[in-house]
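For reference, the structure is listed below as structure tokens.
The values are calculated or read from the model by the stated rules, or taken from the named source; none is laboratory data. Predicted, not measured: the structure shown is a model, and the values here were computed from it. Note that each Cβ is placed from the backbone with ideal geometry, even for glycine, and that neighbours are counted across all protein chains shown. To get the accessible areas, we keep the full protein, side chains included, count just its heavy atoms, and leave off ligands, DNA and RNA. Shrake-Rupley method; radii C 1.70, N 1.55, O 1.52, S 1.80 Å.
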Amino acid sequence: MDIQEIINELFYKVIIHSDAITFEELNGWTSSKLYLLEKNGTEKCVVKMNDPQVLKSEVLYLDSYKKINLLPNLLYVEQSYKYIVYSYIAGDTDQVRNNKSYILHKLVLELINNYTTVPTSNLWGWEDDSTETWPDFLLNEGNEAKTILGSLLKNEDYILIDHLIKSPKRIPLNEEPFLLHGDCGIHNFIFNNAQLSGVIDPTPLLGLPLYDLIYAFCSSPDDLSKQTIESAANHLVTKWDGKEQHLYEEVLIGLFLRLAMCMKHHPSDLEDYLKAWSYWKTIVRNSCNTTEGRSTEPY
């Protein structure tokens with residue numbers, strides 16, 4: 001649909017209160033087409049167009065978590081999901097470096113700790129490509145990452161990731177999947193006066209809350225330290241076994257997936273991520289060596 005046609009429809013349905021609206025197309029990494037609508041710099045909202053199934057999934061996420069202040073408010077959903085309208089969050093996506101600990105703490109306390117399960121679902125992963133178990137989802141993501149990374153890493157690195165993903169500890173026992181953001185990275189965070197003010201563009205995923213936290217942690221190459229992720233993870237109220245070794249292994253899996261994304265979209269960050277990869281492999285190896293009965297693990 002043409003944006004002027006959408007504006008006329010929104011005015012007719014009293015979603016906006018004037019047809020004298022200015023609009024500006026917004027640029028970003030998203031595959032969606034986005035427009036900022038405003039009247040005299042005051043009334044502002046965002047129109048988002050994409051594939052109807054993509055928007056339907058986003059609506060499910062935003063509607064499920066409409067009480068979370070970090071997320072935009074849905075204002076209107078076109079009946080066939082040709083477009084949606086949501087509230088504008090002031091700020092921009094320019095990350096404040098050396099502020100990752102603050103970002104992760106706020107994400108945990110104000111977003112991730114409010115996640116809920118989807119009791120009617122016995123599937124995991126993406127809605128349009130779901131799997132029967134959480135490890136199956138991670139294995140699919142890992143195989144895709146391997147194809148992208150090629151010979152960048154050693155064969156032993158790929159063996160290690162396969163082993164970690166297939167470990168029985170990856171299988172959530174008697175647990176239902178949570179509805180996650182799925183793309184909870186720095187590129188989808190809005191900052192205003194150096195404060196995290198919003199999280200946008202969900203790609204909803206059925207999984208474990210720790211995934212969104214580690215995704216956020218790995219989404220920028222700054223401050224990928226053990227202390228930073230430990231501090232944030234310790235504030236999670238959703239279930240995980242609380243063992244440091246488990247957390248470290250999850251970070252290494254998340255970092256592996258991020259390496260592939262970095263190689264594809266942000267090659268200038270690759271050197272920093274490779275340093276982080278070596279750092280976290282050492283942490284996982286040392287953790288394994290101090291854990292009784294794990295001497296046969298292929299680290």
In the range 51-75, which residue that is free of Cβ contacts under 8 Å to residues at least 40 places away in the same chain and open to solvent by less than 40 Å² (accessible area, probe 1.4 Å) is farthest from Asn114 (Cα to Cα)?
Leu55
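Each row is one residue, and each column tells you yes or no for (1) within 15 Å of Tyr115 (Cβ to Cβ); (2) among the polar types (S, T, N, Q); (3) crowded, with 21+ Cβ neighbours inside 10 Å; (4) in contact with a Lys or Arg (Cβ under 8 Å, 6 or more places away or on another chain).
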residue: Phe189; (1), (2), (3), (4): no, no, yes, no
residue: Leu205; (1), (2), (3), (4): yes, no, yes, no
residue: Leu213; (1), (2), (3), (4): yes, no, yes, no
residue: Pro221; (1), (2), (3), (4): no, no, no, no
residue: Glu230; (1), (2), (3), (4): no, no, no, no
residue: Ala233; (1), (2), (3), (4): yes, no, yes, no
Is it the case that some residue within the range 24-47 is surrounded by fewer than 13 Cβ atoms within 10 Å (Cβ to Cβ), in a strand (DSSP E or B) and more than 19 Å from the chain's Cα centre (by Cα)?
yes
Yes or no: the range 150-159 includes at least one residue that is within 29 Å of Tyr61 (Cβ to Cβ) and surrounded by 15 or more Cβ atoms within 10 Å (Cβ to Cβ).
no
Pull out all pairs, ordered by first then second residue, where Cβ-Cβ is under 9 Å, the residues are six or more apart or on different chains, the first lies in the range 161-173 and is within 16 Å of Ser287 (Cβ to Cβ), and the second is surrounded by fewer than 14 Cβ atoms within 10 Å (Cβ to Cβ).
His163/Pro298; Lys169/Asp241; Lys169/Lys243
Considering only residues that are closer than 22 Å to Phe217 by Cα and either modelled with pLDDT of 95 or more or open to solvent by 40 Å² or more (accessible area, probe 1.4 Å) (or both), which ones fall in the range 132-149?
Phe137, Leu138, Leu139, Asn140, Glu141, Gly142, Asn143, Glu144, Ala145, Lys146, Ile148, Leu149
Among the residues of the range 76-135, write down those that are without any contact (Cβ under 8 Å) to a residue 24 or more places away in the chain, touching a helix residue (DSSP H, G or I) at 6+ places or on another chain (Cβ under 7 Å) and either in a loop (DSSP other than H, G, I, E, B) or of a type in the set (Ser, Thr, Tyr) (or both).
Thr131
